[in-house]
1. Quick one: in region 1-24, of everything that is touching a residue at least 40 places away in the same chain (Cβ under 8 Å) and more than 16 Å from the chain's Cα centre (by Cα), which residue is nearest to residue 108 (Cα to Cα)?
2. Can you pull out the residues in region 57-71 that are in contact with a Ser or Thr (Cβ under 7 Å, 6 or more places away or on another chain) and of a type in the set (Lys, Arg)?
3. Please count how many residues of region 64-76 are open to solvent by less than 50 Å² (accessible area, probe 1.4 Å) and either assigned to a loop (DSSP other than H, G, I, E, B) or basic (Lys, Arg) (or both).
4. Could you list all residues from region 38-55 that are in a strand (DSSP E or B), surrounded by fewer than 21 Cβ atoms within 10 Å (Cβ to Cβ) and polar (S, T, N, Q)?
5. Anything in region 78-111 that is over 16 Å from residue 61 (Cα atoms) and open to solvent by 50 Å² or more (accessible area, probe 1.4 Å)? List them, or say none.
6. Only one of 52, 57, 45, 65 is in contact with a helix residue (DSSP H, G or I) (Cβ under 9 Å, 6 or more places away or on another chain) and not acidic (Asp, Glu). Can you tell me which?
7. Can you report the number of residues in region 20-37 which are open to solvent by 60 Å² or more (accessible area, probe 1.4 Å) and touching a Leu at 6+ places or on another chain (Cβ under 7 Å)?
8. Name the residues in region 31-42 that are farther than 16 Å from residue 58 by Cβ and either at pLDDT 95 or above or among the small types (Gly, Ala, Ser) (or both), would you?
Amino acid sequence: QVQLVESGGGLVQAGGSLRLSCSASGLTFSSYGMGWFRQAPGKEREFVASIRWNGGRTYYADSVRGRFTISRDNTKNTVYLQMNSLKPEDTAVYYCAAASGTYSYIAQTYAHWGQGTQVTVSS
């Protein structure tokens with residue numbers, strides 16, 4: 001059974017930083033592309049960042065490029081999202097997801113999802 005468990009969310013002031021982690025089990029982690037998505041209240045889920053199975057390529061939404069960094073440690077079956085210069089509009093539930101054979105920005109390509117972690121940025 002595949003499990004993705006996010007952690008690291010919380011309340012932070014604008015301009016602050018958080019690092020999210022997503023620990024995976026039940027799958028061959030090093031074979032999967034990983035993505036981070038987020039969903040704010042009343043809005044659709046949106047792509048944030050993704051990383052290739054070996055970490056060699058990354059992809060970011062325009063809204064976070066230059067502020068967020070996605071990385072992974074295949075020895076720990078964990079993917080990270082370092083979030084700097086946070087803004088109130090970054091407030092959302094953040095989800096990690098795993099996809100076989102891709103690291104797309106398209107949510108439907110991801111077969112496995114975590115339960116999400118809340119990030120709240122105060123102004």
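The values are calculated or read from the model by the stated rules, or taken from the named source; none is laboratory data. In this text the structure is predicted, and so the values were computed from the model without any measurement. Glycine gets a Cβ as well: all are built from the backbone with ideal geometry, and neighbour counts include every protein chain shown. Just so you know, the surface numbers come from the protein's heavy atoms only, side chains and all, with ligands and any DNA or RNA stripped out. Shrake-Rupley method; radii C 1.70, N 1.55, O 1.52, S 1.80 Å.
1. 2
2. Within region 57-71, just 67 meets the criteria.
3. 3
4. Across region 38-55, the qualifying residue is only 39.
5. The answer is 88, 100, 101, 108, 109, 111.
6. Among 52, 57, 45, 65, only 45 is in contact with a helix residue (DSSP H, G or I) (Cβ under 9 Å, 6 or more places away or on another chain) and not acidic (Asp, Glu).
7. Of the residues in region 20-37, 0 are open to solvent by 60 Å² or more (accessible area, probe 1.4 Å) and touching a Leu at 6+ places or on another chain (Cβ under 7 Å).
8. 31, 38, 39, 40, 42
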